[in-house]
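A short worksheet on the structure shown next.
What follows draws every value from the coordinates through simple rules; no lab data is involved. Nothing here was measured: the structure is a model prediction, and the numbers come from that model. Glycine also receives a Cβ, built like all others from the backbone with ideal geometry; neighbour counts cover every protein chain displayed.
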Amino acid sequence: MKMNLLTKTTFYGLLLSSFLANAQKTNLNVDLTKSVAKIQPTMYGVFFEDINFAADGGLYAEMVKNRSFEFNAPMMGWLQPNSNTHSMNKDSGLALPMRANQNQKNDDFCRVTINNDKGYQIINEGFRGMGIKKDAKYNLSLKAANHDNAIKKIIIQFIDANKNVLGETAITPTAAEWKNYSVQLTATATEAKAQLKITFEGTGIIDLDMISLFPEETWKNRKNGLRKDIVQLLYDLKPGFIRFPGGCIVEGMTLDNRYQWKKTVGPVEDRETMINRWNVEFKNKQAPDYFQSFGLGFFEYFQLSEDLGAQPLPILSCGIACQYNSGELVPMEELDTYVQDALDLIEFANGAVTTKWGKLRANMGHPKPFNLKFIGVGNEQWGPQYIERYKVFAAAIKAKYPNITIVSGSGPSPDGVMFDYGWEELKQMNAEIIDEHYYKNPDWFKDNAARYDNYDRKGPKVFAGEYAAHPKGVEDGMKENNWLSALSESAFMTGLERNADVVHLTSYAPLMAHVEAYQWAPDMIWFDNLNSYGTANYYVQKLYSNNKGTDVLSITKDGKALTGQNDLYASAAKDANQKELIVKLVNTSAKVQGLSINLSGNGVESKGKMIVLTHEKLDDYNTLAEPTKIIPVEKEYKTAGKKAVVNMPAYSFVVLKLKLK
C-alpha cells in the first residue's frame, strides 16, 4: 500500500501516541549540566570511491563513454551500424583507432574514412545509455582534423532504441589541422537510454578526438562538471569531510594500477585513461567497459569538498598494492617517489602560487589554498611491511608539514591478529588517527554499540572509515539496503557518538552505485542515468550528520549507557551554537517501547521537534520507483516540565530536538 506524506505523518503520529498503556517503560537520565566530550566537526563524513560506476557514468556528468578512444579496446562504446570492416570499399565508411606521436599522455584518436554519400555513422552508447530530459540543453565538444576539407558537415543527434531522433545539431569542420569545436543540443524528449549518433556528409578522411557531452545544468553550473542531483544528495548530508579517491582503488591490483594523483590534474584532455581495478575484480560482476578518464581528479575532489563545506581527506598509496591481489611491494630504497607524491600533494592543496604545485592549482582556477588538514597513508594495508613504510611517510610529512594530521590504517578487519598488531605498533609511534573498517551482519552492529567504550582515551583517535551492515540471506543489490541494515547502523552509531572523544571521523561505504553497473552492495546512494535516491541507510547518516551537536552529554539507564538493553540504544548531545538538546533513540525490537527521559539542570523549553525514521518491514527498502518508502517524518513535540516522554514505534530511530532553557 502506498502512502502520501500527509498520510505517513498521520500514521507515525498515531504510532507515537497510541499503545502507551501497553508499551514497556524505560527510565533514562540526561545530564544537561556538563559536557562529556567535544564532537568534532568532522564526525560524520562521506567516503567516495570510483566503484559501481561512481565517477565516470555517475558523479562525473560526462555522457560519452571512451570519449578519447583510450580504452584497451579503443573502439569500445562506439558502434558502426553501416560499416563492414572486412569490405570497406562496398560500404559508406570505416572508423579506426589511430595513435599519434606528438602527445604521449593521451595520443589515441579515431580516423574516419567516408567512401560515399550514404551517410556513414558512428554511435556512442554512453554509460548503459545516456539520460536526457525534455527541453534540457547538452553541450557537445570535439577535436577534429578535416583532411583536405573533405567532410562538409558533422550531424550530431540523440536517438532512442528505435532510431527516433530526440535532438539534433551540426558542426561544419573548417580546418585541416586539429581544431576544437563545440555545439549545443536540446533534447526533445526524456529518455534514459538515448545514444549519440554522429553522421558525416562528404567523402574523404577526418580525424576525431575528445568527443565529449555534458548537460548544461551541472552542480553550480560548472562547465563539464558534476551531476547536480547526486551532489545535492551529498550536500544535504552536511558532511564534515570527504575521503577520496577510495578504497582499494588507491592501492591498485598492482603498483602500476595504483591511483596516482598527479595524473589526474592539469588539462582534462591530457589525463591518461586507465582501466578501473573493479573492471575484473569480481568474476560474477565483470565490467569490461569500466575505465577511469580522471575527468574527476584530485582538483575536482578538492573543489567538491570546498563546495560542501567538508574537509578534504585524500588517501595515497603507501607503496603496497592490494594485499588481496598481488600484494606487490615497492622496495624501501625506492619509496622516496611515493613519499614525494604525498609532500607534493600537500603543496598542491596548500602551497603558495609561487610553488610548483601551488602554481598548477592556481592555473586550474583556484589560486586560494584548499586548506588541507588531513592526509591518509595507505588504505587498509596490514603487517610489518605497512608499518615499515608508514614510518617513512610519517617522518617526512611531519618534518615538512607538522600541522598536517596523518591517518593510518589498521587493515580490513575490526579484530584479529593483524588488527591488534597494527594498533599496537601505531600506538607506540603516537599515531594520530587510525582507520578501522567493518563490513558485518546487522547483529554485529547491534552487538558492538559499546565497541569504543573501553578504548584508551589517551591513545590514537579512531576513523571509522568504511562500514556497512550486510544483511544475511539477501541477494546482492539494492535489497541489501533494507531497513534492517539501516536500523542496525543507527544503533551502532549511538556508540560512535557517545565516544566522540575517541571517534573523530566516521563514514559509510561505499557511497554510491549505478543500478545497472555495480560491483559491490550495499551502497548509500543508488542512481540510473536520470535519477538518484537515498537509501534508508542514507537517511540514518543524514539524521546523524544534520543533528550532531557540539558536545556529548551523558544519557543513562540505572547509571549505565543504553547499548542494547531491551533492544534500546541512546546517545545525547548538546548544540552549544543552537542551544539545543539532541537525543537519539533506537528501538530494534518488534514492540512499541515507552521511554521517560529525566532532564537535569535548567531543563528545556516545552516545544520541540521529533524526527521519526521507522518502517514496519525490516526487509523493505527504497527504490528508484519508490524512493521515499522509508524516509524521516518530522513533527512537533511537547515536553512535560523536566521530563520528555517518548513512545518508540517498533523498529524505529527517533531524534528528539529540544531548546535548552
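The local environment of ILE320, defined by Cβ-Cβ distances under 11 Å, has a net charge of -2 under the rule Lys, Arg +1 and Asp, Glu -1.
The Rg/Rh ratio of segment 454-586, with both radii computed over alpha carbons and Rh defined as the Kirkwood radius, is 1.01. Using alpha carbon centroids, what distance separates segment 505-553 and segment 166-243, in Å? When both Cα centres are located, 27 Å separates them. Relative contact order for segment 284-350: 20 percent, from Cα pairs under 8 Å spaced at least 6 residues apart, divided by residue count. Each label point was placed 7 Å from the Cα along the Cα-to-Cβ direction; for ALA161 and THR33 their separation is 6.9 nm. Computing FRET efficiency as 1/(1 + (r/R0)^6) for LYS262 and ASN371, where r is the C-beta to C-beta distance and R0 is 22 Å, gives about 0.60. Note on LYS458: aspartates and glutamates with a C-alpha under 13 Å away, same-chain residues under 8 apart excluded, are GLU432, ASP501.
Report the full-extension gain for the segment LYS617 to ASP447: residue separation times 0.36 nm, less the Cα-Cα distance, to one decimal in nm.
Computed gain between LYS617 and ASP447 is 59.1 nm.
A Förster radius of 60 Å combined with the Cβ-Cβ distance from GLU516 to ASN602 puts the calculated FRET efficiency at roughly 0.60. A simple spin-label model places the labels of LYS638 and ALA625 4.3 nm from each other, with each point 7 Å out along Cα-to-Cβ. Computed extension length for ASN546-ASN566: 4.5 nm, one decimal, from 0.36 nm per residue of separation with the Cα-Cα distance subtracted.
Which label marks the calculated value of Cα extents along the principal axes in Å, given the options (1) 87, 62, 44; (2) 92, 76, 55; (3) 73, 58, 46? Recomputing Cα extents along the principal axes in Å here picks out (1). Secondary structure note: in the chain, about 75% of the DSSP beta bridges are antiparallel.
At 222 nm, what helix-only mean residue ellipticity would the chain give, in deg cm²/dmol to the nearest 500, using -39500 (n - 2.57) for each DSSP H run of four or more?
Calculated from helices alone, the mean residue ellipticity at 222 nm is -5500 deg cm²/dmol.
Amide H contacts of VAL604: LYS661, each under 5 Å away and 5 or more positions distant or on a separate chain (H built 1.01 Å from N in the peptide plane; Pro and chain starts excluded). Near the amide H of ALA136, within less than 5 Å, lie the amide hydrogens of ALA187, all on another chain or at least 5 residues away, with H placed in the peptide plane. Put simply, the convex hull of the Cα atoms in segment 249-315 casts, on average, a shadow of 5.4 nm².
In this simple spin-label model, placing a label point 7 Å from the Cα along the Cα-to-Cβ direction at both ASP107 and ASP341 gives a separation of 2.3 nm. For GLN303, neighbours were defined as the other residues whose beta-carbon sits under 15 Å from its Cβ, and their charges (Lys and Arg +1, Asp and Glu -1) total +4. Relative contact order of the chain: 17 percent, from C-alpha pairs under 8 Å at least 6 residues apart in sequence. If you wrap segment 387-531 in the convex hull of its Cα atoms and look at it from every side, the mean projected area works out to 10.7 nm².
Any idea what the alpha-carbon Rg over 2.2 N^0.38 Å comes to for segment 78-215? Cα-based Rg divided by the globular estimate yields 1.03. Beta-bridge orientation, segment 78-215: approximately 100 percent antiparallel, per DSSP, counting only bridges with both partners inside.
With a Förster radius of 51 Å applied to the beta-carbon distance between LYS427 and ALA192, the computed FRET efficiency rounds to 0.50.
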